[in-house]
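Below is one structure; the comments refer to it alone.
Every read-out reported here was derived from the displayed coordinates using simple, explicitly stated rules and does not represent laboratory data. This one's a predicted model, so the numbers in the text were calculated from it and none came from an experiment. Every residue, glycine among them, receives a Cβ derived from its backbone with ideal geometry; neighbour counts consider all protein chains shown.
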Amino acid sequence: MTMKEPKNGKEYICLAIESSCDETSAAVVVNGRKVLSNVISSQIDIHKAYGGVVPEIASRHHLNNINPVIDSALEDAGIGFADVDFIGVTNRPGLIGALLIGTATAKAMAYALDVPLIGVHHIRGHICANYIADTELEPPFAALIVSGGHSTLADVKGYTDYEIVGQTRDDAAGEAFDKVARVLGLGYPGGPLLDRLAKEGNPEAIAFKRVYLEKDSYDFSFSGTKTGVLNYLNGKKQRKEEFVPADVAAGFQAAVVEVLVNKSIRLAKERGRDKLVLAGGVAANSCLREALGKACAENGIKLYMPPLILCTDNAAMIGAAAYYEFISREAEDMTMDAYASAAL
């Protein structure tokens, strides 16, 4: 389909909604690149008591928060509902109850305003956060997406043309970080706390397993590395031996990051991509950002990374992804549904 051109030079304004996990977010984004507002209501403090996200509680808070968050996004952008050209919403993948809150709200708004509705894949949104961060970025490029539920390598051939090259076979990187952080007693959310502790440790003090799977595989497996940490800690406790938590955190983080970086660089080189995009919640990890930056510099690859506010779940990235879907295909109808899992 031929891409739509801005009508009479007018920019397309997207009201975007994100509710796939425990952040309720709404944003106003112009032509996929310019963010007029990006309001995020986090539930981290609520879920801390449970050591992780409780889906039913998350859904309840999305229901309470979504209308005020949307109102705030419009107010911050200085526009009204009449100025909205289309609605973009995360409808896959994620917690199904949480997704349904956002999807139902977006459908009702699109119907009431008589504007197009675009369903967005959450992981595509994470990749598209980089279009906001760097307005000069264009496909093709290789992409590494790392979060609590995903460790994915993709070859991005066009704005809406994605090829999955590798993905996690068990624990995603963020999930493994959270589990090791929990065993170390760091609390929730574990990933940022483990990253902070690792800065105080020696990454070479404890050698944890690097899992590369079959020769030439782009898939990831961090369950074995995580289990290695658990076995190490259990052995120390059984023998009543002291250990240095910071060294454990640093060693584990180094093992995970090394695999992520090596496979990402290999993908970029084998596909002839001179650009590599980092995305997802774990893209905020300081060790990963530093190691990937160094590896890209050594291999003549330009690295793109979103600012920290665009690494975690937010609606601005959904607005960016929705724009490119909007100009390249037909909009959804009112039968659009939400899906807990979906291919990229």
(request) Report, largest value first, the span of the C-alpha coordinates of segment 184-340 along each principal axis, in whole Å. (result) 63, 38, 30
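If you take the alpha carbon radius of gyration of the chain and divide it by 2.2 N^0.38 Å, what ratio comes out, to two decimals?
Working: Rg = 20.5 Å, N = 344, 2.2 N^0.38 = 20.2 Å.
The value comes to 1.01.
Looking at segment 10-79, which trypsin sites (Lys or Arg not before Pro) are in a loop (DSSP not H, G, I, E or B) and have at most 11 other Cβ atoms within 10 Å?
On the way: sites: K10, R33, K34, K48, R60; in loops: K10, R33.
Qualifying residues, ordered by number: K10.
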(message) Let me understand segment 128-249 better: what is its radius of gyration from the alpha carbons, and its Dmax, in angstrom?
(response) 17.4, 56
(request) Would you look at the GNM of the chain, springs on alpha carbons closer than 10 Å, and say which of A322, A254, A173 moves the most? (result) A254
(message) I'd like the Karplus ³J(HN,Hα) series for segment 306-314: coefficients 6.51, -1.76, 1.60, θ = phi - 60°, whole numbers in Hz, and an x wherever there's a Gly or Pro.
(response) x, x, 4, 5, 9, 7, 6, 4, 7
(request) Kindly give the semi-axes, whole Å and largest first, of the ellipsoid equivalent to segment 98-145, taking each as the square root of 5 times a Cα gyration tensor eigenvalue. (result) 28, 14, 8
(request) Calculate how many DSSP beta bridges within segment 140-306 are antiparallel, expressed in % of all such bridges and rounded to the nearest 5. (result) 60 percent
(message) Please return the longest range in the chain lying between exposed loop sites, taking GluC sites (Glu not before Pro), DSSP loop only, at most 10 other beta-carbon atoms within 10 Å, and leaving the sites out.
(response) 1-135
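I want to verify the translational diffusion coefficient of segment 30-112 in µm²/s; compute it with Stokes-Einstein, Rh as the Kirkwood radius over Cα pairs, at 25 °C and 0.890 mPa s. Intermediate values should be presented prior to the final figure.
Working: Rh = 14.1 Å.
Value of D from the Cα-based Kirkwood radius: 173 µm²/s.
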(request) Select from N262, N314, N234 the residue whose mean-square fluctuation is largest in a Gaussian network model of the chain (Cα-Cα springs shorter than 10 Å). (result) N234
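Kindly state, to the nearest 0.05, the FRET efficiency for E270 paired with A82, given R0 = 56 Å and r defined as their beta-carbon distance.
The value I calculate is 0.70.
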(message) Spelling out what I want: for every residue of segment 192-202, take phi, set θ = phi - 60°, compute 6.51 cos²θ - 1.76 cosθ + 1.60 (Karplus), and round to whole Hz; glycine and proline get x.
(response) x, 5, 5, 4, 5, 5, 4, 4, 8, x, 9
(request) Would you calculate the separation in nanometres between label points at R60 and S223, each defined as 7 Å from the Cα along the Cα-to-beta-carbon direction? (result) 3.2 nm
(message) Just to check I understand the Karplus step: with θ = phi - 60° and J = 6.51 cos²θ - 1.76 cosθ + 1.60, what whole-Hz values come out for segment 155-164, glycine and proline as x?
(response) 9, 8, 8, x, 4, 10, 10, 10, 10, 6
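To the nearest 20 debye, what charge dipole does the chain have about its Cα centre, counting +1 at the Cβ of each Lys and Arg and -1 at the Cβ of each Asp and Glu?
On the way: 34 positive and 43 negative charges, 215 e Å.
The calculation lands at about 1040 debye.
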(request) Using a Gaussian network model of the chain whose springs link C-alpha atoms within less than 10 Å, name the residue from R273, R196, R239 with the highest mean-square fluctuation. (result) R239
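From the cross-link list K179/K236; K48/K226; K48/K263, which pairs have alpha carbons spaced over 24 Å apart?
Working: K179/K236 18 Å; K48/K226 22 Å; K48/K263 33 Å.
Long pairs (Cα-Cα over 24 Å): K48/K263.
Length gain on complete extension for the stretch K157 to K209, per 0.36 nm per residue less the alpha carbon to alpha carbon distance? Please report the intermediate quantities before stating the final value.
Numbers: separation 52, 0.36 × 52 = 18.72 nm, distance 3.31 nm.
Full-extension gain reported as 15.4 nm.
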